[in-house]
1. Taking a threshold of 29 Å on the Cα-Cα distance, which of the pairs LYS183/LYS219; LYS49/LYS183; LYS49/LYS143; LYS3/LYS136; LYS19/LYS67 fall above it?
2. With helices defined as uninterrupted DSSP H runs, which ones in the chain have an alpha carbon span along their own long axis of at least 20 Å and mean Kyte-Doolittle hydropathy of at least 0.0?
3. How far apart, in nm, are the 7 Å Cα→Cβ label points at GLU173 and GLU107?
4. Only bridges with both residues in the chain count here: give the DSSP antiparallel percent, nearest 5.
5. So what's the stretch 1-115 giving for Cα Rg divided by 2.2 N^0.38 Å, two decimals?
6. Kindly provide the helix-only [θ] at 222 nm of the chain, computed as the sum of -39,500 (n - 2.57) over DSSP H runs of four or more divided by all residues, to the nearest 500 deg cm²/dmol?
7. Give me the one-decimal Kirkwood hydrodynamic radius in Å for the stretch 99-180, with the sum taken over alpha-carbon pairs.
Amino acid sequence: MLKINDLCYSVVENGQEKKILKNINLSFEDNKIYAITGHNGSGKSTLLKIIMGIVLPNNGSIVYENKEISTLSITERAKLGFSYAFQQPVTYKGLKVRDLLNIASGEQQNLAAMCDVLSKVGLCAKDYIDRNVDEKLSGGELKRIELASVLARKSKVNLFDEPEAGIDLWSFENLTSLFENLKGKTNIIVSHQKRILEIADEIIVLNNGEIVLQGERQKVLPMLSIKTCGRLREGQNG
Ligand SMILES: Nc1ncnc2c1ncn2[C@@H]1O[C@H](COP(=O)(O)OP(=O)(O)O)[C@@H](O)[C@H]1O
Ligand SMILES: [Mg+2]
């Protein structure tokens, strides 16, 4: 169980305090898929970065398996079993796809193991393992390789920021089945894609740094598809 208690994050911009996350309280159970959605700028990426330790909150605690982790570094959280896939995937000069997968899994992987994770993201290992993880790859290819590295890590808590970005719709079946394959873990996926929201157990809606809707997918999804903006405002007032 991962718990977030009273989490607040603000920055100072032009001498004024800008509140980015306001008193966020959430519980993530093991073996469930959580989708976080909401308008651009609502604080989704910031929340994910705070869980991973990339951004430090001003206030609040993060408790994982009854242990306070909000003071732990990114590396310490990774050792505890946290993985993170960036909204904009990172490139690594001089690193090949096979090196990235070896580092991610913590062991020398054979072709069959690399083929297994790469095929889950719709890539053929033979075409990719000797390519450099650099800007010569397309945005969609980089995104898939980053997802493959998260799979190779076999983490307990997977954090994905807009995994669908840059991935063509034809590959969507692959992408959604990838998350279904991760059902034995805790998966927190920031997404705008209905097809990803449809495989979530629970949906959390952020607006302007606040949780305005949350609950089981069956309950939340119909409310989103009616009229997102109106619903968000309604949630905020109520
Ligand atoms: N370090 C920062 N300094 C100033 N503004 C920031 C900083 N980090 C995030 N923000 C702002 O916080 C808001 C939420 O950002 P973000 O979490 O990236 O939103 P989302 O992922 O929901 O689109 C945005 O308005 C963004 O510009
Ligand atoms: Mg974002």
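1. On the way: LYS183/LYS219 20 Å; LYS49/LYS183 22 Å; LYS49/LYS143 17 Å; LYS3/LYS136 39 Å; LYS19/LYS67 27 Å.
With Cα atoms farther than 29 Å apart: LYS3/LYS136.
2. On the way: long enough: 139-153 (21 Å, 0.15).
Length and hydropathy pass: 139-153.
3. Once both label points are built, they end up 3.2 nm from each other.
4. Numbers: 23 of 41 bridges.
Roughly 55 percent of the beta bridges in the chain run antiparallel, per DSSP.
5. Details: Rg = 16.8 Å, N = 115, 2.2 N^0.38 = 13.4 Å.
Ratio of Rg to 2.2 N^0.38 Å for the stretch 1-115: 1.26.
6. On the way: 10 runs with 88 residues, N = 238.
Calculated from helices alone, the mean residue ellipticity at 222 nm is -10500 deg cm²/dmol.
7. Details: mean 1/r = 0.0775 Å⁻¹.
After inverting the mean inverse Cα-Cα distance, the result is 12.9 Å.
Bear in mind these aren't lab numbers, they're just calculated from the coordinates by the rules spelled out. Predicted, not measured: the structure shown is a model, and the values here were computed from it. Cβ coordinates were reconstructed from backbone atoms using ideal geometry, including for glycine residues, and neighbour counts include every protein chain displayed.
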